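Q: Have a look at this one before I ask anything.
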């Protein structure tokens, strides 16, 4: 995966696919309540596992400063190439003054620099410095190192995890393109096993 700074997020309600057997059930039905509870439990377990392997302290020690306040997110976005301040603000949903504050902080650590825009001298492009590229390499080395519990999983389990998280990211991207909403296409490929079938 691509490394990103640790950011907390709201727990989304698990989407229901129109093709899912549960989609025709009323929100108050026992089956719908069970699906919601299953989604909450899965999300809680994911959060618990990720937080138990937080690398914030290790990152701060390696870089010499903390990447909070959106600094890490912006730094990693610049790996794809220089961006204008307005482009950074739009991508992250933040205002111009806060974007300037983030870039100022990164510039103070010699991770980025402002350069004149080739097509408009009144605008500036924010680009990585050599130190910024080295910082991203250090971040990747730390964040992409799997915890021992993950490394010990068999190939079949790892393949299944990869498929699940790929589907989650694809569903999230579709929801973003659609401007939010309940989403769709996140249902299981087959019918959800009954409680008796899972025993």
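Q: Which ones in the stretch 120-130 are surrounded by 11 or more Cβ atoms within 10 Å (Cβ to Cβ) and either modelled with pLDDT of 95 or more or within 13 Å of residue 79 (Cβ to Cβ) (or both)? Give the derivation first.
A: If we filter the stretch 120-130 for residues that are surrounded by 11 or more Cβ atoms within 10 Å (Cβ to Cβ), which is where we start, we get 123-129.
The answer is 126, 127, 128, 129.
Q: Does the stretch 141-173 hold any residues that are within 14 Å of the chain's Cα centre (by Cα) and part of a helix (DSSP H, G or I), and which are they? Reasoning before the result, please.
A: Step one: list which residues in the stretch 141-173 are within 14 Å of the chain's Cα centre (by Cα), which gives 143-144, 165-173.
Hits for the stretch 141-173 are 143, 165, 166, 167, 168, 169, 170, 171, 172, 173.
Q: Does any residue of the stretch 144-164 turn out to be at pLDDT below 95 and surrounded by 15 or more Cβ atoms within 10 Å (Cβ to Cβ)?
A: no
The values are calculated or read from the model by the stated rules, or taken from the named source; none is laboratory data. Bear in mind that the values here come from a model prediction, so they are computed numbers and not experimental data. As a convention, Cβ positions derive from the backbone with ideal geometry for all residues, glycine included, and neighbour counts pool all protein chains shown.
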